[in-house]
Structure formats: structure tokens, C-alpha cells
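What follows is one structure encoded as C-alpha cells, with my remarks underneath.
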Amino acid sequence: MITVVGDLVIDILVKKEKTNLGTDTDGNIHFRPGGQANNVASFVRREGVDCQLVGKVGDDPFGNYLIEESKKQGVTPLVTKDGSEKTGSIVLMVDSNDGERSMITDRGANLNLAEADIQGLDNSELVYLSGYSFFSDSTKKAALKVKEEAIASSIPISVDPSSTYFLKENKEAFLDFLEGVTFFFPNYDEGVLLTGEKEPKKIIENLQEYVSVPILTMGNKGCLFYQGDALKELVPPKVDVVDTTAAGDSFAGSFLATYWKTKDVVESAKRAIAVSSHTVTYFGALPE
């Protein structure tokens, strides 16, 4: 069993051309289940591994929708409802030219995730913690509880730093939090911010001081990590990029599921590269 802890949100996907300021802009708008933890859990389950999702939504139709969609993915949602706050949402604006996306985030009930909401770790063999859980005082206590319980039970912990925007204000405290973490999935920009290094090899070497297995993801350049003393670089296949939403989430989810099955970091990274390369070829976090 893999337990995933973090955000569930409604993705409001907007695909558009250049914005016409002050008037209408044509585009396509879709509502989809989203949120980093929600996405990771879905990709774990798609690999055939049992997964439970710990998080918080509003006691509203969107919250009910996210819980039901999680069940449809085969995930076990250990999700609590908060009657004092609405379900979180994100507006994702996807560039029609290169598939890159910008986000406007309203985390809503996710910001109220508390220590009392943490459950299910006692039957877990791997734990994934979204970095978003670290970036507010209210959810940081919950994140610390997850880490402490996992370490006490010798359960490997994986963390995704989630956002350069939030890391800028929390860099040193976040690096301290990484002590005891096994797998860490920063992208290149996050790696640069956390280490001050620009060369991928030096980023990985620096991050090894904090975590056992840092894996640097680099978009269409693949990923970089160490296996023992050997530096491994995996290059993805060339694909037509439609939307980069959930590329990192699919990498983390498929990596953890494969590692759960094989205990092999290289095989896990290969599978993660394959899945994340496919993820960017369609619109939205999950395929229809």
C-alpha cells in the first residue's frame, strides 16, 4: 500500500491563444479532478498498486465530486470534509504553442489539513508527501506528523517540492525538513533554487547531502540521479507536447508504484520517464 498525502483541487483548464486584453478571447475550458496529491495517487493506482489518499476538501459539490472521482480511479480516499471552507481550485492556462502552463491557485480547504486528518500510515509501505503541505503553518504540522510517523515505522518517505514560488520564502526550513526523506523529485528550476547550482550533476550532488535518492527531472531532457556511485541519466522519447499539466505528478506516481513492485531505482525511473512522456501528449492531468 502506498499512502499519498496532500492537495485535492478542481482543475479549471483553459486552453487559449494570445489574450485579447479588455475584451473576449476564444478558448476551451474544462473542469477536471486535480491537485498534486490527487494526481500522484491516480498514477500510482494506474500502475496496479493499492493506494490511499489523505487530504481535505470542502463540504460542497466539488468536494463530493473529487472524492467520487478518486474512487473511480481505484484509489481509497481517506479525505475529510471541511464545512468552514470551500474545495480548492486551480485555473491552469495552457499555452497552445508549447503546452506550458501557468497557474492561479486557491487552495481552499487544503489549507486546513490538520494532524487529526492524518490516517492510514500504519498499513503503508511507501509514503508520498506533497511539498504544498509544508508551505503554511496550519498544514506544516500535519506534514511533520506524516514524516515523524513514517520514520518511526521505517516507512520510506518521498517528497516533491511542488512550487518555486513557495520555496523562495521557505528554502532553508524546507531543506531542514528533508532530513530522513528517501526519494525527492525536484524539477530543474526547483533544484537550482534549493542548491544555488546550475549544473545538473552538481544539483544532484548537493541534494544528496539531504536525501538518500534525489531524482532531478528536466522536462524533455529526462532525469538525473545516482545509483550507488554511478550517475544515471535517462532521456525521454521525443513527443508532441500538448499540455505539461501533471508531468511531474505522473513521474512521481509511476516511479513509486514501480519501486514498490521492483525495489529497483533504475527500472522505476525508466517507467516514470515513459509515463510522464505520455502525460504531456494530451490535455489535462489524466487521460480520458
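The values are calculated or read from the model by the stated rules, or taken from the named source; none is laboratory data. Remember, predicted model here, so these are calculated numbers, not experimental data. Cβ atoms come from the backbone with ideal geometry, glycine included; neighbour counts cover every protein chain shown. In case anyone asks, the SASA skips ligands and DNA or RNA and just uses the protein heavy atoms, side chains included. Shrake-Rupley method; radii C 1.70, N 1.55, O 1.52, S 1.80 Å.
Some observations on this one:
- Flag for residue 56 being outside any loop (DSSP other than H, G, I, E, B), under 30 Å from residue 156 (Cβ atoms) and open to solvent by 70 Å² or more (accessible area, probe 1.4 Å): no
- In region 59-73, the residues that are assigned to a helix (DSSP H, G or I), acidic (Asp, Glu) and more than 19 Å from the chain's Cα centre (by Cα): 68
- Residue 188 satisfies every condition listed in (1) in contact with a Gly (Cβ under 8 Å, 6 or more places away or on another chain); (2) open to solvent by less than 60 Å² (accessible area, probe 1.4 Å) except (2).
- Contacts under 8 angstrom Cβ, first residue in region 52-69 being more than 15 Å from residue 7 (Cβ to Cβ), partner surrounded by fewer than 24 Cβ atoms within 10 Å (Cβ to Cβ) and acidic (Asp, Glu), 6 or more apart: 59/82
- Counting only strands (runs of 3 or more DSSP E) that sit completely within region 137-252, zero hold 2 or more residues that are of a type in the set (S, T, N, Q).
- Some residue of region 21-41 being more than 19 Å from the chain's Cα centre (by Cα), more than 30 Å from residue 268 (Cα to Cα) and surrounded by 21 or more Cβ atoms within 10 Å (Cβ to Cβ): no
- Residue 273 part of a helix (DSSP H, G or I) and surrounded by 22 or more Cβ atoms within 10 Å (Cβ to Cβ): no
- In region 192-211, the residues that are among the aromatic types (Phe, Trp, Tyr) form Cβ pairs under 7 Å with partners that are part of a loop (DSSP other than H, G, I, E, B), at six or more places apart or across chains, as follows: 210/178; 210/179.
- Meets criteria (at pLDDT below 90, closer than 24 Å to residue 265 by Cα and either of a type in the set (S, T, N, Q) or surrounded by fewer than 14 Cβ atoms within 10 Å (Cβ to Cβ) (or both)) for residue 199: no
- Among the residues making up region 1-20, a single one is open to solvent by less than 50 Å² (accessible area, probe 1.4 Å) and either of a type in the set (Lys, Arg) or farther than 24 Å from residue 252 by Cα (or both): 14.
- Residue match in region 32-50 (condition: in a strand (DSSP E or B) and farther than 29 Å from residue 150 by Cα): yes
- Selection of region 1-51 for residues being among the aromatic types (Phe, Trp, Tyr) and either farther than 27 Å from residue 272 by Cβ or in contact with a Leu (Cβ under 6 Å, 6 or more places away or on another chain) (or both) yields only 31.
- Annotation: residue 141 fulfils all but one of (1) open to solvent by 80 Å² or more (accessible area, probe 1.4 Å); (2) within 22 Å of residue 226 (Cβ to Cβ); (3) touching a residue at least 12 places away in the same chain (Cβ under 8 Å); the unmet one is (2).
- Whichever residue in region 225-246 is among the acidic types (Asp, Glu) and open to solvent by 60 Å² or more (accessible area, probe 1.4 Å) and, among such residues, is farthest from residue 177 (Cα to Cα): 240
- Summed over region 21-38, the residues that are charged (D, E, K, R) and within 28 Å of residue 70 (Cβ to Cβ) give a count of 1.
- Annotation note: of 121, 111, the sole residue that is touching a strand residue (DSSP E or B) at 6+ places or on another chain (Cβ under 9 Å), under 22 Å from residue 33 (Cβ atoms) and either surrounded by fewer than 17 Cβ atoms within 10 Å (Cβ to Cβ) or aliphatic (A, V, I, L, M) (or both) is 111.
- Single match in 161, 214 (criterion: within 16 Å of residue 249 (Cα to Cα) and either in contact with a Cys (Cβ under 6 Å, 6 or more places away or on another chain) or modelled with pLDDT under 90 (or both)): 161
- Checklist (1) in contact (Cβ under 8 Å) with a residue 40 or more places away in the chain; (2) surrounded by fewer than 14 Cβ atoms within 10 Å (Cβ to Cβ) applied to residue 222, failing item: (2)
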